[in-house]
1. How many residues does the stretch 28-50 hold that are part of a loop (DSSP other than H, G, I, E, B) and in contact (Cβ under 8 Å) with a residue 40 or more places away in the chain?
2. What residue, of ARG187, ARG172, ARG191, ARG159, is assigned to a helix (DSSP H, G or I) and either loosely packed, with under 15 Cβ neighbours inside 10 Å or among the polar types (S, T, N, Q) (or both)?
3. With the structure loaded, tell me whether ALA434 is part of a helix (DSSP H, G or I) and either modelled with pLDDT under 85 or among the hydrophobic types (A, V, I, L, M, F, W, C) (or both) or whether it fails that test.
4. Quick one: what pairs do we get from the stretch 77-105, first residue closer than 15 Å to ASN119 by Cβ, second surrounded by fewer than 21 Cβ atoms within 10 Å (Cβ to Cβ) and acidic (Asp, Glu), C-beta under 7 Å, 6+ apart or different chains?
5. Would you point out the residue of the stretch 317-340, among those that are surrounded by 14 or more Cβ atoms within 10 Å (Cβ to Cβ) and in a loop (DSSP other than H, G, I, E, B), that is modelled with the lowest pLDDT?
6. Among the numbered conditions (1) in contact with a Leu (Cβ under 8 Å, 6 or more places away or on another chain); (2) outside the structural domain of GLN257 (by TED's automatic domain parsing); (3) not hydrophobic (A, V, I, L, M, F, W, C), tell me where ASN386 comes up short.
7. When you go through ALA376, ALA401, ALA380, ALA390 one by one, which is the residue that is part of a helix (DSSP H, G or I), within 23 Å of the chain's Cα centre (by Cα) and of a type outside the set (Val, Ile, Thr)?
8. For residues that are touching a Phe, Trp or Tyr at 6+ places or on another chain (Cβ under 9 Å) and part of a loop (DSSP other than H, G, I, E, B), tally how many sit in the stretch 442-457.
Amino acid sequence: MTLSLDFTNMMGAALPHGAGITGEQLAAATAAFADAHARVHARTDDLGFLTLPTHDALRDATLAVAEQVRGRFTDVLLLGIGGSALGPIALRTALCPPGWNALDAAARGGRPRLHVLDNVDPATMSATLARLDLAQTLVLVISKSGGTVETMAQYLIVREALAAAVGEEAARGHLVFITDPEVGALRKIARAEGITTLDIPANVGGRFSVLSPVGMLPAALIGIDVRALLAGAADVMTRAASADLSTNLPGTFAVLQHLADTRHGRSVQVLMPYADPLRDLALWFVQLWAESLGKHTPDGTPVGPTPLPAVGATDQHSQVQLFMEGPLDKTVTFITVRGREADGPIPARHADIAELSYLAGHTLGELIDIEQRATAGALAARGRFNATLAIDTIDAWHLGALMQTFALATAYAGELYGVNAFDQPGVELGKQFAYAMLGRAGSDQARVEWDALPTPDPRFRV
């Protein structure tokens, strides 16, 4: 069980006209990374995601709740947004059979379906509630602050529907809150009403929380091996204990992407798994990378790469044209899965048709692997930066390892860019304006600022 990163096609020695990262640049970055590594690993008290893989008490509490509700519900409805939803979705897509919610109970091994409401579009909300039997549904309400406006709006609607379906008293047994250990609206409600609650440790931010109960409880409920997820993540932490880039894969990823951006203008960073089960992992990565690194430095300079999700081979027929011939502003990191060469044998038919006959004797696993290698080679031939992250198989161990790799790489990259990877000040003003328009207490100043903004001008309307 392992991960490996081949970054040959990021280096000047491999790309035409020396277009890539030079050996001198990589050597100089080694010292900067040693400082970044020391700063990150010195913060285990306030960067709780570093110790989530070995937080046995939190794991055991999560598994205990999963055991308490086992067999009681046919459906799990998760209410959350951002990091509270993207991680559980990525785990379900990667580690459950395709179309999990469409399978019958026998095909799911008696485990529940998992529905995730990660937005407040009323059409989606009403359609979801219309097709669920709430008497057979467990509702997970996930908000670190306990007051996220979208999640709280969802909660109020679902709580009302639950009460109507099963009664106020019984509705409490259909709820699990996952939130801050001490503060916030959800914690207050849980204390007052005796609702089952799991902690998001106070030192774990939302987008770094997938290996907390945020991701681990829904994973456990649908039969994913939580212990294996955490073991894979723990292995990454062991391998990343040293600042030696030859053994620290998350550090190498962070350094390469930072150099590509700051020294070579590759400010768009594509994550492109060549495996359908990993397509939602790329969406999870986008939030992690974007919200963590798109910041102002202390002197006010805006920095941060733009992450872009893709999936192979599908996006060879859409985005790869841009990657090949568009602006020289991108890196592409492929994720490949080893050992699929025998999967999906292609039948020998139409031997008289050249466009089909050559496929005989090959497999879909071989085809997707060849297409990835061909795309990587074509990009390199045109001076386009790319790297390949390979895993042995798609299982819980490797998903845990991948997620911890990207989380740790994000923390390192924040230090290299000179920004705080663990806050999100850029979204706060919009939140405050929304609160002001909704009439939330304490938003008077935001209301004044909102009212002072220019009103729509009819001259600029078509």
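The values are calculated or read from the model by the stated rules, or taken from the named source; none is laboratory data. Note that this is a predicted model, so its numbers are computed, not measured. Glycine also receives a Cβ, built like all others from the backbone with ideal geometry; neighbour counts cover every protein chain displayed.
1. 3
2. Unique residue meeting the criteria: ARG191.
3. So ALA434 passes the test.
4. Partner pairs satisfying both residue conditions: GLY80/ASP118; ILE81/ASP118; ILE81/GLU150; ALA85/ASP118.
5. For the stretch 317-340, the residue satisfying everything is ARG340.
6. (2)
7. Testing whether each residue is part of a helix (DSSP H, G or I), within 23 Å of the chain's Cα centre (by Cα) and of a type outside the set (Val, Ile, Thr) leaves just ALA401.
8. Of the residues in that region, 3 qualify.
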